[in-house]
Amino acid sequence: MSTQDTEDIELPESLSYHDWAAAVREDRLLGQECGDCGHVSGVPSGACQECGGRDLTTVELPTTGEVYSETTINVPPEQFEERGYQVAVVDLGDARVMVRIEGDHVDIGGDVVLSGHIDTDDDHPAPTFEPAE
Amino acid sequence: MARASVVGAGMTKFGVHDTPLQELFGDAAFEAFDDAGVGPDEVEALYFGNAMGGQTENVTHLGPQCATHVGMAGKPVQRYEDACATSANAFKNAVEAVESGRHDVVLVGGVERCTPETGKDTDEMTRIFASASHRQYEQPTGLTFPGVFALLTKRHMHEHGTTEEQLAEVAVKNHGHGSLNPKAHFGKETTVEEALDGPVVADPFRLMDCCPFSDGAAAVVLVSDDLADSFDAPVDVTGVGHATDIVPLADKETPHVTKAARDAARQAYEQAGVSADDVDFAEVHDCFTGAEVLASEALGLVEDGQGGVAAAEGRTSRDGDIPINASGGLKAKGHPIGATGAAQIVELTEQVRGEAGEHQLDGVSRGVAHNLGGDAATTVVSVMEARA
Ligand SMILES: [Zn+2]
């Protein structure tokens with residue numbers, strides 16, 4: 001998704017979980033930037049994770065990034081039917097997010113791009129990424 | 001000066017127990033009472049840990065039940081829940097209570113059952129353990145607890161070249177140590193080949209990289225510095241550090257550095273007036289082999305990046321220069337969540353007293369315990385030493 005497509009979408013002034021989840025369902029990632037220290041987080045928080053400031057602005061996060069760490073889970077929790085799925089922490093530049101990887105296995109340092117989301121956990125979506133072309 | 005002193009210690013064997021939680025806790029508490037030579041009437045309060053009884057056994061408000069069972073009905077009880085750091089947090093608060101003069105004699109302990117004796121199978125327990133990860137931003141990816149520590153360990157491997165063989169060496173070492181400890185869940189030694197041949201749980205972790213689901217309880221009697229000399233063999237608590245880190249994991253600045261452990265260790269060493277070099281032995285939270293590697297570095301016991309190498313070279317074995325997890329650790333001794341932190345305090349007490357039996361270390365007088373909760377977002381580090 002290009003920046004052009006998202007420019008018109010109004011970002012919530014105060015980012016809640018429900019706003020974040022709704023964005024994930026539209027294949028977008030929202031985070032927060034602190035007006036006091038500039039820290040950017042990958043998910044909503046009531047106050048800045050670094051300085052505790054509450055002057056937070058919702059920001060649109062990039063949808064491409066690099067795998068920071070990853071693992072393949074062969075013993076899943078009970079509500080996850082499949083086995084052998086890959087979970088990764090993806091570095092988006094200013095922030096990191098935890099995601100499910102789809103498609104081919106990606107190693108640390110591999111380039112990935114947002115591919116959609118899964119919603120297998122009781123109406124809690126998780127972003128999915130796949131290897132970049 | 002001591003912040004507080006342990007004068008009695010007790011724990012059940014870790015393993016599989018078909019015993020209700022209050023009875024299991026009672027076995028550890030009565031052993032601690034008898035070791036201290038006190039009765040429940042002399043004990044002023046209970047600092048109690050149980051992490052997940054509500055989820056595993058439909059039991060909450062367990063504090064007064066356990067207090068009643070051990071003859072302490074009427075006394076104040078506070079229950080702590082901090083994932084795997086549950087009873088270390090109870091211990092920290094108990095230390096503060098006797099140090100401040102709020103109480104002079106208290107009981108601290110924890111109990112948990114995690115084996116199929118609870119009626120929960122592996123998939124269900126995997127889900128319950130995953131409840132310590134973020135409900136909205138981590139659990140929906142299908143993350144598990146082996147997965148959490150796999151993410152931390154994989155990054156450590158990437159940056160420092162830590163290998164799967166080195167992780168296996170941690171398991172081999174801790175199983176070897178556990179084989180000398182009659183209270184350990186696993187009494188059997190293993191080999192690197194056997195460890196590397198096991199099924200993958202969450203790469204790089206195979207079955208032998210993971211601690212077991214265990215049942216068990218541990219407890220200590222803690223008294224003020226002033227009272228300690230009136231007991232036999234007090235072991236002083238000279239430092240307790242406690243720190244947290246950002247949740248969820250992805251937002252931590254450098255997740256595999258386990259900053260909370262470093263912050264807690266700094267506090268504990270400062271209070272005790274010591275440095276990592278002054279530590280004779282350590283019990284660290286090796287829920288997974290990689291977690292021991294990260295902990296040994298965070299506590300300053302080995303150089304950053306060298307945790308795996310140190311294990312492979314035998315530096316952290318019971319006959320090495322800095323023995324880690326002489327009890328077998330969580331890996332072999334077992335990990336009944338809410339009892340684990342208290343059991344580390346029991347181990348430090350027995351080692352410093354020279355009463356650890358077959359797994360006694362030579363000439364140790366100062367030990368450090370490292371108990372973490374969740375994705376290492378809570379860590380409590382305690383320094384204990386022989387009373388001067
Ligand atoms: Zn800030």
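Observations on the model:
- Between helix B:289-298 and chain B: long-axis angle, C-alpha atoms, 0 to 90°, nearest 10: 70
- Estimated FRET transfer efficiency when R0 is 35 angstrom, pair B:D41-B:D18 (beta carbons, to 0.05): 0.65
- Accessible area of A:C34 in the full protein assembly, 1.4 Å probe (Å², nearest 10): 10
- Rounded FRET efficiency, nearest 0.05, which uses the C-beta distance separating B:T254 from B:D319 and R0 of 45 Å: 0.85
- Peptide A:10-21 has a mean of 1 when you count, residue by residue, the C-beta atoms of other protein chains within 10 Å of its C-beta.
- Gyration tensor analysis over the Cα atoms of region B:297-361 returns equivalent ellipsoid semi-axes of 21, 15, 11 Å (largest first, whole Å).
- Among residues other than B:P64 with Cβ under 12 Å from its Cβ, the summed charge is +2 (Lys and Arg +1, Asp and Glu -1).
- Per residue accessible area in Å² of region B:215-266, where ligands, DNA and RNA are left out and the probe is 1.4 Å: 31
- For region B:186-311, the fraction of alpha-carbon pairs in successive 5 Å shells from zero, as %: 2, 8, 13, 17, 17, 16, 12, 8, 3, 2, 0
- Using a simple spin-label model with pseudo-atoms 7 Å out from Cα toward Cβ, B:S100 and B:M1 lie 1.7 nm apart.
- Protein heavy-atom accessible area occluded, B/A pair - total, 1.4 Å probe, Å²: 3100
- Residue-by-residue Karplus 3J(HN,Hα) for region A:77-93, coefficients 6.51, -1.76, 1.60, Hz, glycine and proline x: x, 4, 7, 9, 6, 7, 10, x, 9, 9, 10, 9, 9, 10, 8, 9, x
- Hydrodynamic radius of chain B per Kirkwood, over alpha carbon pairs, in Å: 20.1
- Positions from region A:35-75 whose accessible area shrinks by 40 Å² or more when the full protein complex is built, not the chain alone, probe 1.4 Å: A:V43, A:Q49, A:Y68, A:S69, A:E70, A:T71, A:I73, A:N74, A:V75
- Note on chain A: Kirkwood radius taken over Cα pairs, Stokes-Einstein applied at 25 °C and 0.890 mPa s, translational D equal to 158 µm² s⁻¹.
- Simple spin-label estimate for A:A47 and A:D111 in nanometres, 7 Å along Cα-Cβ: 4.1
- The aspartates and glutamates within cross-link reach of B:K173, meaning a Cα-to-Cα straight distance under 15 Å and a gap of 8 or more places when in the same chain, are B:E164, B:E165, B:E189, B:E193, B:E194, B:D209, B:E283, B:D286, B:E292, B:E313, B:D319, B:D321.
- On the protein assembly as shown, 44 percent of the accessible area sits on carbon and sulfur atoms, based on a 1.4 Å probe.
- Per-residue SASA entry for B:T238, accessible area with 1.4 Å probe, Å² rounded to 10: 20
- Heavy-atom accessible area per residue - region A:1-111, 1.4 Å, Å²: 49
- Applying a threshold of 25 Å to the alpha-carbon distances of B:K13/B:K188; B:K120/B:K333; B:K13/B:K259; B:K13/B:K120; B:K120/B:K331; B:K259/B:K331 flags B:K13/B:K259 as lying beyond it.
- Calculated P(r) tail over 28 Å for the protein assembly as shown, as whole % of Cα pairs: 53
- Two-site label geometry, B:D304 and A:A22: point separation in nm, points 7 Å out along Cα→Cβ: 4.3
- Accessible-area loss of 50 Å² or more (1.4 Å probe, protein heavy atoms, chain alone versus all protein chains) is found in region B:128-153 for B:R135, B:Q136, B:Y137, B:P140, B:T141, B:G142, B:L151.
- Pairwise FRET efficiency - B:D226 versus B:E194, Cβ, R0 = 56 Å, nearest 0.05: 0.60
- Calculated Rg and Dmax of region B:102-244 using C-alpha coordinates, Å: 19.5, 55
The values are calculated or read from the model by the stated rules, or taken from the named source; none is laboratory data. Here the structure is a predicted model, which means the values were calculated and not measured. Quick reminder, even Gly has a Cβ in these numbers, built from the backbone with ideal geometry, and neighbours come from all protein chains shown. SASA here: full protein model, heavy atoms, side chains in, ligands and nucleic acids out. Shrake-Rupley method; radii C 1.70, N 1.55, O 1.52, S 1.80 Å.
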